[in-house]
Structures are given as structure tokens and as C-alpha cells.
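A short reminder: the numbers here are calculations on the coordinates, not readings from a lab. All values derive from a computational prediction rather than experimental measurement. With ideal geometry, Cβ positions are generated from the backbone for all residues, glycine too; neighbour counts draw on all protein chains shown.
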Amino acid sequence: SIWGNVPKGPPAILGITEAFKADSNEKKINLGVGAYRDDAGKPYVLPSVREAEKRVIENKMNKEYAGITGVPEFPSAAAKLAYGNDSPVLDKIAVTQTISGTGALRIGGEWLKRWYSGDKVIRIPTPSWANHKAIFQDSGLTVEPYRYYNKDTIGLDFDGMVADLKAAPPGSVFLFHACAHNPTGVDPSPAQWKELSRVCLEMSHLPFFDMAYQGFASGDSDADAFAVRQFIRDGHKILLSQSFAKNMGLYGERAGVFSIVGEDAEEAKRIDSQLKIIIRPMYSNPPIHGARIASQILNDPKLYTQWQGEVKGMADRIITMRKLLREKLEALGSKHDWSHITSQIGMFAYTGLKPEEVEKITKNYSVYFTKDGRISVSGITSKNVDHLAEAIFQVKG
Ligand code: PLP
Ligand code: TYF
């Protein structure tokens with residue numbers, strides 16, 4: 001046959017959801033994909049998003065194409081959210097709407113491949129979001145790892161990270177998770193970010209920030225933008241990917257933004273013109289509905305305040321579930337130190353469970369999560385946390 005030589009590929013993370021769906025155990029829990037769930041375990045559409053969507057529909061807008069860089073009011077407001085309302089770089093950036101965070105990273109990869117004079121290598125943390133490597137490889141870049149996570153401390157390998165920054169050739173591109181690192185939930189502290197920024201300056205490295213969880217780490221969008229804004233204060237010309245999948249719950253709407261900080265407004269215009277040349281043959285222009293929703297929220301002070309409260313509500317529920325899981329494990333008499341469950345931040349907890357332990361927990365208790373021991377904390381509820389703690393305790397002790 002024509003495609004007889006096409007091998008079957010391995011299942012992606014969504015394979016976990018499929019296995020979960022096929023399981024008839026009524027106590028089953030899905031802690032696989034990083035998508036927020038409420039305390040009843042249900043997907044959550046933010047009330048601010050419902051209200052914004054209502055306004056979009058009431059406005060009876062047409063369905064004409066957006067321009068290549070999207071619904072203009074969305075990327076401009078998104079940039080303010082990331083860089084800060086009165087950031088001096090706002091008139092030196094080229095900014096475009098993208099197909100959510102994934103699309104922003106892909107456009108960034110393409111940009112580097114085409115225009116960065118360096119060695120076409122991007123350095124990503126070990127571990128990182130599973131898709132990073134594939135996105136940048138498909139952009140034509142070589143992907144190299146840098147040290148990030150220390151298995152022994154279940155924390156940051158700061159010394160290793162700094163050493164790898166210093167060992168890389170000057171002008172190397174480094175991808176940083178702006179906050180709420182996926183999968184580990186381990187972030188540098190503000191003091192550590194300052195040091196990382198200093199070393200990057202010293203080495204003339206080019207920082208590329210992936211901000212997929214602004215607001216999700218602490219519940220405060222400004223606090224979560226600390227790293228990005230620190231690098232900007234220090235004079236870095238960063239690349240930035242933003243996703244509104246998590247913090248607005250707009251997953252399937254694919255609302256994202258990509259920006260590049262230029263030297264001045266004139267340079268930003270030149271960059272903007274070339275971004276359009278990259279995007280046009282890829283997908284012409286991005287979808288409008290999610291962008292209009294996000295734009296309503298970001299550009300209406302009342303709705304914006306409501307949304308910030310809802311983001312905090314999600315972040316707080318995750319923090320509460322972390323506490324609860326740790327308490328339950330300790331109450332069961334676990335002899336392990338589970339303090340990392342509460343010290344890590346964002347959507348995920350990196351439990352330190354080994355692949356064979358994960359397998360046992362899934363097989364015997366119908367609790368589904370990735371083999372690296374990552375659990376999506378937002379899948380925990382006050383009803384299922386006992387079963388989860390019991391499963392971990394029975395397997396791990
Ligand atoms: N970057 C990280 C670290 C992520 O975890 C994700 C996934 O949610 C993304 C980027 C991009 O997600 P999306 O394309 O849905 O915006
Ligand atoms: O890591 C996660 O679970 C989330 C969701 O291709 C996700 O970031 C996972 C895989 C993917 C897209 C989103």
C-alpha cells in the first residue's frame with residue numbers, strides 16, 4: 001500500500017485519558033493532562049469568560065478574517081499583562097497573536113532558525129514540557145539540555161543550571177519556564193532569577209521565556225511575571241510565548257501571543273514585518289473567537305478584576321489540594337518526606353514516584369498519571385484525595 005512503510009507512533013499524553021476512560025473502577029482518578037478541574041472534578045469555564053463571551057455574541061460581530069497578527073486588541077493587552085502596564089518596552093516589541101502557547105513557541109523557533117545569527121541551538125531544561133523538544137526540532141533547531149532539576153533534593157539544581165549557562169557558547173538561546181515549571185513545579189526564587197539574569201547578560205545569552213501559567217503559580221499575575229520583568233529591567237532582549245489556555249481556561253480556543261523585544265520602535269517594526277512573513281504561509285491568520293473573549297477580559301477593568309479573582313480561586317484550590325494530599329499521607333503514617341508536594345507550585349506536583357511505582361498505582365488503584373511521577377494537582381478533589389493518598393501510601397509506604 002502507499003503508506004505501508006508508515007510505522008505506528010507511540011501514544012501521546014492523551015493516551016492516559018483514553019486508558020482512564022476505559023477503566024470501570026468508580027474510584028478512578030485522572031491526574032494526567034494539565035487541565036484545571038473544579039472540586040467536583042469537572043472542567044471549569046470561568047464566569048468572566050462566560051460574561052466576555054456573552055458580550056462578544058451580543059456585539060453581533062462579523063466573522064471576517066483577522067489580520068496575520070490577530071485581533072489587535074488582544075496581543076497588545078496580553079503584552080501589558082506580561083511586561084507590566086507601564087513597561088518601557090511596550091513600544092519596542094513586535095507582538096503577534098498565535099495558535100496558543102504551542103503556536104507561539106513554534107513561531108519563536110521558526111524566528112530563531114531564520115534570523116538568529118547564533119548556532120541554531122536552543123537549550124531547554126531537564127526535564128521540560130514534553131512538547132518543547134519536538135516543537136523546536138520541527139522548527140529546524142537543535143535541542144540541547146541544561147541542568148535544572150535535582151532528583152535527590154526534589155528541588156532546583158541551581159548550581160548545575162548556572163554552570164551550564166556559563167559553559168554554553170556566548171550568545172546561546174536558553175528557554176526558561178517563566179513560572180510554574182512543567183513538569184516539576186520547581187521554580188528559581190526571585191534572588192536566583194536575578195543571578196540567572198546576571199549570568200545571561202555576562203554571557204550575552206538570548207532568553208526565550210515560555211509563560212503558560214501566569215497567575216497559576218501564586219494567584220497573582222504580577223508576582224508570576226517576576227522573572228520576565230526582572231530580565232527586562234536588566235536590559236535583556238527576550239522572546240516571550242504566552243498561553244491563555246490555563247489562566248483563562250481557554251484551552252481549545254487556542255489563544256496565545258508571541259513577542260520579541262527589539263532595540264527600539266523602528267526595529268520592532270522590522271521584526272513585525274518578518275513575523276508576518278513567517279506566519280502567512282503557515283496558517284494565514286489565527287482564530288478570532290478566543291482572542292475576542294480574552295480581549296474583552298484584558299481590556300475591561302471590571303472584568304479584568306473579576307478574572308484575576310477567578311485565577312486566584314483556581315490557584316488557591318490547587319494549593320489547598322497540595323496541603324490536603326500531604327496531610328493525608330502523613331496521617332496514614334508515611335515515613336517519606338512529602339514537603340515537596342506543598343513547596344512546589346503551579347499545576348503539577350513532581351512526586352518523585354518511580355515509573356514502576358506509578359505503574360502499580362495505576363494498575364491497582366486506577367489512578368492515572370505520567371510515568372515520570374508527575375500528578376496534575378488540579379485533578380485532585382476533596383472527595384478523591386483519600387483514595388489517592390491511600391494508593392500512594394500502599395505502594396510507596
Ligand atoms: N508551555 C508549557 C510549559 C505548557 O505546559 C503548555 C501546555 O499547557 C504550553 C506551553 C502550551 O499550551 P497551549 O498550546 O495549550 O497554550
Ligand atoms: O503538560 C500538560 O499536561 C499540559 C497539557 O500536547 C498539554 O501542558 C499536554 C500535551 C500537549 C498539549 C497540552
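Sorted ascending by nearby beta carbons within 10 Å, beginning with the fewest, 206, 325 become 206, 325. Here the spin labels are modelled as points 7 Å beyond Cα on the Cα-Cβ line, and at residue 25 and residue 1 they lie 3.5 nm apart.
Here the sum of -39500 (n - 2.57) over DSSP H runs of 4 or more residues, divided by the residues of the chain, equals -14000 deg cm²/dmol at 222 nm, to the nearest 500. Counting only DSSP beta bridges with both residues in the range 65-299, the antiparallel share comes to about 45 percent.
Taking 51 Å as R0, compute the FRET efficiency from the Cβ-Cβ separation of residue 371 and residue 195 and round it to 0.05.
Numbers: r = 33 Å, r/R0 = 0.65.
The computed FRET efficiency comes out at 0.95.
In straight-distance terms, cross-link reach from residue 113 covers every one of the aspartates and glutamates whose alpha-carbon lies under 14 Å from its own, apart from those fewer than eight places away in the same chain; here that gives 138. Binning all Cα-Cα separations of the chain at 10 Å, short to long from zero, yields these whole-percent fractions: 5, 22, 31, 26, 13, 3, 0.
Against the 2.2 N^0.38 Å scaling, with N counting residues, where does the range 194-234 land? I'd like the Cα-based Rg ratio to two decimal places. Don't skip to the answer; put the middle values down first.
On the way: Rg = 11.2 Å, N = 41, 2.2 N^0.38 = 9.0 Å.
Taking the Cα Rg and dividing by 2.2 N^0.38 Å, one obtains 1.24.
Filter 21/54; 133/194; 60/92; 120/276; 63/92 down to the pairs with a C-alpha to C-alpha distance above 28 Å, please. Listed pairs above 28 Å: 21/54; 60/92; 63/92. Value of Rg to Rh for the range 20-154, rounded to two decimals, is 1.04; Kirkwood radius and Rg both from alpha-carbon coordinates. Rounded, prolate or oblate: pick one for the range 116-207, where a ≥ b ≥ c are the square roots of the eigenvalues of its C-alpha gyration tensor, a/c under 1.5 means rounded, and failing that, prolate if a/b is larger than b/c, else oblate. Judged from the Cα gyration tensor, the range 116-207 comes out oblate (a/c at least 1.5, b/c at or above a/b). What is the Cα centroid distance between the range 95-131 and the range 274-296, reported in whole angstrom? Computed from Cα coordinates, the inter-centre distance equals 17 Å.
When the chain is fully extended, how far beyond the present Cα-Cα distance does residue 312 get from residue 133, taking 0.36 nm per residue of separation?
Details: separation 179, 0.36 × 179 = 64.44 nm, distance 3.07 nm.
Taking residue 312 through residue 133 to full extension adds about 61.4 nm, to one decimal.
Against the chain, whose longest principal axis is taken from its Cα atoms, helix 301-331 shows a tilt of about 30°. Once the Cα atoms are used to define both axes, helix 47-58 deviates from the longest principal axis of the chain by about 40 degrees.
Considering only DSSP states other than H, G, I, E and B, which GluC sites (Glu not before Pro) in the range 223-320 qualify as loop sites with at most 13 other Cβ atoms within 10 Å?
Details: sites: 253, 263, 266, 267, 310; in loops: 263.
When the GluC sites (Glu not before Pro) of the range 223-320 are filtered for loop state and at most 13 Cβ neighbours within 10 Å, 263 remain.
For the range 1-140, the relative contact order is 13 percent, taking Cα pairs closer than 8 Å that sit 6 or more residues apart in sequence and dividing their mean separation by the residue count. Most simply put, the chain has about 50% antiparallel DSSP beta bridges, counting only bridges with both residues inside it.
Note on the range 313-397: lysine pairs with Cα distance below 18 Å, sequence gap of 8 or more or different chains, count 14.
Loop-only chymotrypsin sites (Phe, Trp or Tyr not before Pro) in the range 49-114, please: DSSP not H, G, I, E or B, and at most 14 other Cβ atoms within 10 Å. Listed in order of number, the matching sites are 65.
Test of understanding: ordering 179, 200 by Cβ neighbours within 10 Å, fewest first, what list do you get? List each step's numbers first, then the result.
On the way: 179 27, 200 21.
So the ranking, lowest neighbour count to highest, is 200, 179.
Both radii were evaluated on the Cα set of the range 65-299; the Rg over Rh quotient, with Rh as the Kirkwood radius, amounts to 0.94.
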